[in-house]
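Trainee: Below: one structure in structure tokens.
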Amino acid sequence: MDPLAAGFWGAFFGTAALMLVVSLIAYARSHKRVALMAGLSAAVSAAFVVSYLGWLPIAGPAEARVLAHVAMLSAGVLALMLLAMLGLLRGRALASRAFTGMLALASLVIAVGWALAPAQALALSSLVAFGIGLLMLVIALRRALRGDRLAWVTVSGVSLMLVALGGLSTIALDRTSGWPVHAVSAIAGMAYLAVMASALWGRYSYLLELSEVMRHGPSYDPVTRMRSHSETGQMVGDMFFRHEGGERPIGVIAICIANLYALENLHGRAAFNHALFIYAGRLRRCVPQVVEMGRLGDDGFLLMVRNAGEMQQLVQLARTVRQRLARPVALSTSRDVAGLERAGTAWVAEVGIGVLGTSTGVRPSQAISTARAMARTAWSYGSRLAFFDQQLGRIAELPLDDNTGHGQWLATAY
């Protein structure tokens with residue numbers, strides 16, 4: 001083999017080895033499903049490349065026969081893994097039919113290959129494997145067009161796999177192929193492994209995190225990754241007491257969900273925890289990094305802003321949060337990781353948000369209780385937003401929008 005081609009394949013096997021190491025780390029952390037999928041992707045791809053490069057201790061017609069078997073075995077395993085990653089093999093019956101169909105196809109192609117010359121059998125298996133890849137590409141593309149963003153990553157991965165498969169088939173049928181064919185095949189193989197590793201983690205990290213939340217319940221904080229509510233109390237203490245100089249302005253936003261306990265009574269604790277998990281994720285995506293976040297009781301969240309000198313900044317932040325949290329969600333009531341993606345409950349949270357501009361001279365308990373009282377009062381307002389009107393001396397409703405602008409801090413924070 002040309003030294004340049006050997007260098008490209010060395011980089012490919014380095015990528016596969018790195019993926020195997022990562023899968024072992026995931027397995028050690030009890031992420032067995034992620035580890036299995038990543039490990040199989042790397043191992044099957046590496047075995048396929050070793051075979052097609054002619055590095056097996058066989059030669060001649062026997063090698064072509066073996067490669068024909070390897071092609072069908074690899075194509076079948078990778079196809080089933082792609083279907084599983086796309087969420088198309090959740091049911092046992094469906095998974096069994098897919099496995100049986102793939103096994104029957106592979107057996108048929110191998111049987112027909114034995115009636116052909118070794119080189120012809122290898123060409124047939126490579127062609128069928130390429131066809132299976134095209135079928136997976138069509139399936140992934142259909143999922144992507146239906147709104148599955150992660151399926152677009154899978155489309156890229158399958159496209160790269162087809163490029164690598166075409167190049168390796170050319171190398172297996174013509175051992176005199178030049179280094180450009182090796183280079184393109186190796187680069188496509190490395191890109192395929194990287195893309196599929198990203199897709200695997202994107203598909204299962206959500207389920208792993210969600211299962212952790214539903215296992216720990218209220219003692220696990222999905223917003224700040226704190227393990228208990230006492231950590232939120234520590235955050236409040238740091239905001240009020242650990243500052244230099246005189247009194248500093250502080251913004252406090254309390255968020256309370258009115259119908260969270262009703263959701264638990266109707267659908268169980270799993271749906272309760274799932275709702276908290278989803279709304280915590282929405283908060284993380286819409287709240288600026290300068291805002292400290294924590295749990296407020298079992299039915300809400302607490303946002304705190306240092307040096308919040310302008311009330312309009314807090315108001316605009318509260319309106320943004322209100323807009324994001326008012327959207328409906330689809331909840332799962334299953335405690336099983338395999339069933340978490342089968343959302344069976346549509347739900348809309350009745351969110352109340354209290355906005356309070358205060359200072360470090362106020363007692364922390366008073367500030368938090370006041371903001372929480374305003375959030376609960378906001379349940380009765382159409383906008384679901386409340387603040388303390390200094391002129392009226394009482395809690396009042398905040399409108400959903402006004403013409404005062406956003407302010408420089410909000411414009412840069414988002």
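Trainee: Among the numbered criteria (1) under 14 Å from ALA371 (Cβ atoms); (2) over 24 Å from the mean Cα position of the chain (by Cα), which single criterion is violated by GLN313?
Mentor: The number of the failed condition is (1).
Trainee: So which of LEU82, LEU40 ends up being at pLDDT below 85, under 19 Å from ALA164 (Cα atoms) and open to solvent by less than 30 Å² (accessible area, probe 1.4 Å)?
Mentor: So the residue among LEU82, LEU40 that is at pLDDT below 85, under 19 Å from ALA164 (Cα atoms) and open to solvent by less than 30 Å² (accessible area, probe 1.4 Å) is LEU82.
Trainee: For segment 64-114, what are the residues that are touching a residue at least 24 places away in the same chain (Cβ under 8 Å) and of a type in the set (Ser, Thr, Tyr)?
Mentor: SER74
Trainee: Enumerate the pairs (first residue in segment 115-126 and touching a residue at least 12 places away in the same chain (Cβ under 8 Å); second residue anywhere and open to solvent by 30 Å² or more (accessible area, probe 1.4 Å) and charged (D, E, K, R)) with beta-carbon separation below 7 Å, excluding pairs fewer than 6 apart on the same chain, so at least 6 apart or on different chains.
Mentor: Close Cβ pairs (under 7 Å, with a partner that is open to solvent by 30 Å² or more (accessible area, probe 1.4 Å) and charged (D, E, K, R)) amount to PRO118/ARG65; ALA121/ARG65.
Trainee: Only one of (1) open to solvent by 30 Å² or more (accessible area, probe 1.4 Å); (2) over 27 Å from the mean Cα position of the chain (by Cα) fails for ALA129. Which number is that?
Mentor: Against the list (1) open to solvent by 30 Å² or more (accessible area, probe 1.4 Å); (2) over 27 Å from the mean Cα position of the chain (by Cα), ALA129 comes up short only on (1).
Trainee: Would you point out the residue of segment 344-361, among those that are out of contact with any helix residue (DSSP H, G or I) (no Cβ under 8 Å at 6 or more places or on another chain) and of a type in the set (A, V, I, L, M, F, W, C), that is nearest to SER230 (Cα to Cα)?
Mentor: VAL348
Trainee: Does ARG65 fit the bill of being among the charged types (D, E, K, R), under 30 Å from ALA104 (Cβ atoms) and open to solvent by less than 50 Å² (accessible area, probe 1.4 Å)?
Mentor: Spelling it out, ARG65 is indeed among the charged types (D, E, K, R), under 30 Å from ALA104 (Cβ atoms) and open to solvent by less than 50 Å² (accessible area, probe 1.4 Å).
Trainee: Hey, does segment 22-33 have a residue that's open to solvent by 20 Å² or more (accessible area, probe 1.4 Å), touching a residue at least 40 places away in the same chain (Cβ under 8 Å), under 29 Å from ALA123 (Cα atoms) and touching a helix residue (DSSP H, G or I) at 6+ places or on another chain (Cβ under 8 Å)?
Mentor: The answer is no, given that none of the residues of segment 22-33 is open to solvent by 20 Å² or more (accessible area, probe 1.4 Å), touching a residue at least 40 places away in the same chain (Cβ under 8 Å), under 29 Å from ALA123 (Cα atoms) and touching a helix residue (DSSP H, G or I) at 6+ places or on another chain (Cβ under 8 Å).
Trainee: Sort through PRO328, PRO364 and tell me the only one that's within 23 Å of ARG285 (Cα to Cα), surrounded by fewer than 20 Cβ atoms within 10 Å (Cβ to Cβ), modelled with pLDDT of 80 or more and not aliphatic (A, V, I, L, M).
Mentor: PRO328
Trainee: Considering only segment 379-388, state which residues are within 11 Å of VAL355 (Cβ to Cβ) and either open to solvent by 10 Å² or more (accessible area, probe 1.4 Å) or more than 33 Å from the chain's Cα centre (by Cα) (or both).
Mentor: Scanning segment 379-388 gives ALA386, PHE387, PHE388.
Trainee: Another question, then. How many of the residues making up segment 311-322 are in contact with a helix residue (DSSP H, G or I) (Cβ under 8 Å, 6 or more places away or on another chain) and open to solvent by 10 Å² or more (accessible area, probe 1.4 Å)?
Mentor: So the answer is 3.
Trainee: If LEU200 meets every condition in (1) open to solvent by 20 Å² or more (accessible area, probe 1.4 Å); (2) closer than 25 Å to LEU103 by Cβ; (3) under 25 Å from the mean Cα position of the chain (by Cα); (4) of a type outside the set (Gly, Ala, Ser) apart from one, which number is that one?
Mentor: So LEU200 meets the others, but not (1).
Trainee: Just to verify a result, which residue in segment 138-149, among those that are open to solvent by less than 40 Å² (accessible area, probe 1.4 Å) and in contact with a helix residue (DSSP H, G or I) (Cβ under 6 Å, 6 or more places away or on another chain), is farthest from ALA79 (Cα to Cα)?
Mentor: Among residues in segment 138-149 that are open to solvent by less than 40 Å² (accessible area, probe 1.4 Å) and in contact with a helix residue (DSSP H, G or I) (Cβ under 6 Å, 6 or more places away or on another chain), the one farthest from ALA79 (Cα to Cα) is ALA144.
Trainee: Report, ordered by the first and then the second residue, all pairs with beta carbons closer than 9 Å, sequence separation of six or more or different chains, a first member in segment 179-190 that is assigned to a helix (DSSP H, G or I), and a second member that is open to solvent by 50 Å² or more (accessible area, probe 1.4 Å) and aromatic (Phe, Trp, Tyr).
Mentor: From segment 179-190, the pairs are TRP179/PHE8; HIS182/PHE8; ALA183/PHE8; VAL184/PHE8; SER185/PHE8; ALA186/PHE8; ILE187/PHE8; MET190/PHE8.
The values are calculated or read from the model by the stated rules, or taken from the named source; none is laboratory data. Just so it is clear, the model here is predicted, and its values are computed rather than measured. Positions of Cβ are generated from backbone atoms using ideal geometry, with glycine treated the same way; all protein chains shown enter the neighbour counts. SASA here: full protein model, heavy atoms, side chains in, ligands and nucleic acids out. Shrake-Rupley method; radii C 1.70, N 1.55, O 1.52, S 1.80 Å.
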